[in-house]
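The numbers here are math on the coordinates, done by the rules we state, and not lab data. These numbers come from a predicted model, not from an experiment. Note that each Cβ is placed from the backbone with ideal geometry, even for glycine, and that neighbours are counted across all protein chains shown.
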Ligand SMILES: C[S@@+](CC[C@H](N)C(=O)[O-])C[C@H]1O[C@@H](n2cnc3c(N)ncnc32)[C@H](O)[C@@H]1O
């Protein structure tokens, strides 16, 4: 049966990370209000076809770019490579159909620094209704079938370091050690779609699913200093803040 994650809320976990670290660069796919994006300290990019920003999301960031478009369109433009931008961390929280999330992962990895990090939201639903692929009847909490990225990445990319953190309500999959040269997912993309599109979590087996990657306490991962991002994050607790030049 489902396990409901009850650890530290994911926004709180991300805020703690971003108030201690900066990345060159951070990308968030699926931003809507900009709530986690607002907490980011370093240079950042947000992509969402439908922003509804709330409050000041620039804050102390040196650079912030927003793209009001779908992530596939954003990556197809090759904006990142054209501008010499390599990603340190990508937060994937856009379209919650697994093939979109998988493409977001593949595209993010291709544009990452070696050893970069991807955080994938909503891989741990706790009700059957969260899982639907019916875009005309979405529940208030919608994880879709993004959970499939856990078995897909575990099987096709054993070279990646993967843990889940028990951040409520639906977990964060933390994938580190990204390899921008890897072509494995690209080469197997059609096979993966053929195998996983109609798969249900019940078919996969709940116990087997929860055993795929280590599930860690979000609070403990934070208390230990977010070691998963060691290769790409720098400590910024003593950073200078923007100052008023003229009144
Ligand atoms: C769950 S919300 C994001 C929430 C935000 N990350 C947060 O934690 O507060 C999902 C967002 O994904 C966006 N979205 C849907 N399809 C997308 C796509 N193809 N590419 C990028 N974003 C997409 C939606 O417009 C929506 O704003």
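The set of residues from the stretch 121-140 being outside any helix (DSSP H, G or I) and more than 17 Å from the chain's Cα centre (by Cα) comprises 126, 127, 132, 133, 134, 135, 136, 137, 138, 139, 140.
Just one of (1) more than 15 Å from the ligand (Cβ to nearest atom); (2) surrounded by fewer than 22 Cβ atoms within 10 Å (Cβ to Cβ); (3) at negative phi fails for residue 106. It is (1).
Checked against (1) assigned to a helix (DSSP H, G or I); (2) buried (at least 22 other Cβ atoms within 10 Å of the Cβ), residue 11 passes all but a single condition, namely (2).
Hey, can you tell me all the residues within the stretch 105-127 that are touching a residue at least 40 places away in the same chain (Cβ under 8 Å) and more than 19 Å from residue 213 (Cβ to Cβ)? Result: 110, 111, 112, 113, 114, 127. Search the stretch 206-228 for residues being within 17 Å of the chain's Cα centre (by Cα) and not in a loop (DSSP other than H, G, I, E, B), and hand back the single one that is farthest from residue 61 (Cα to Cα). Per the criteria, the residue is 215. The lone criterion from (1) farther than 27 Å from residue 200 by Cβ; (2) assigned to a loop (DSSP other than H, G, I, E, B); (3) within 14 Å of the ligand (Cβ to nearest atom) left unmet by residue 85 is number (3). Selection over the stretch 229-247 of residues that are out of contact with any strand residue (DSSP E or B) (no Cβ under 7 Å at 6 or more places or on another chain) and not in a loop (DSSP other than H, G, I, E, B) gives a count of 0. When the residues of the stretch 64-76 are filtered to those that are in contact with a strand residue (DSSP E or B) (Cβ under 9 Å, 6 or more places away or on another chain) and farther than 16 Å from residue 90 by Cα, the one that is surrounded by the most Cβ atoms within 10 Å (Cβ to Cβ) is 69.
On the basis of being farther than 28 Å from residue 127 by Cα, in contact with a helix residue (DSSP H, G or I) (Cβ under 6 Å, 6 or more places away or on another chain), assigned to a helix (DSSP H, G or I) and in contact (Cβ under 8 Å) with a residue 40 or more places away in the chain, does residue 185 make the cut? Criteria met by residue 185. Only residues that are within 11 Å of the ligand (Cβ to nearest atom), closer than 15 Å to residue 25 by Cα and in a loop (DSSP other than H, G, I, E, B) were counted across the stretch 37-76, and they come to 1. For the stretch 151-174, state whether one or more residues are within 16 Å of the ligand (Cβ to nearest atom), within 22 Å of residue 4 (Cβ to Cβ) and more than 16 Å from the chain's Cα centre (by Cα). No.
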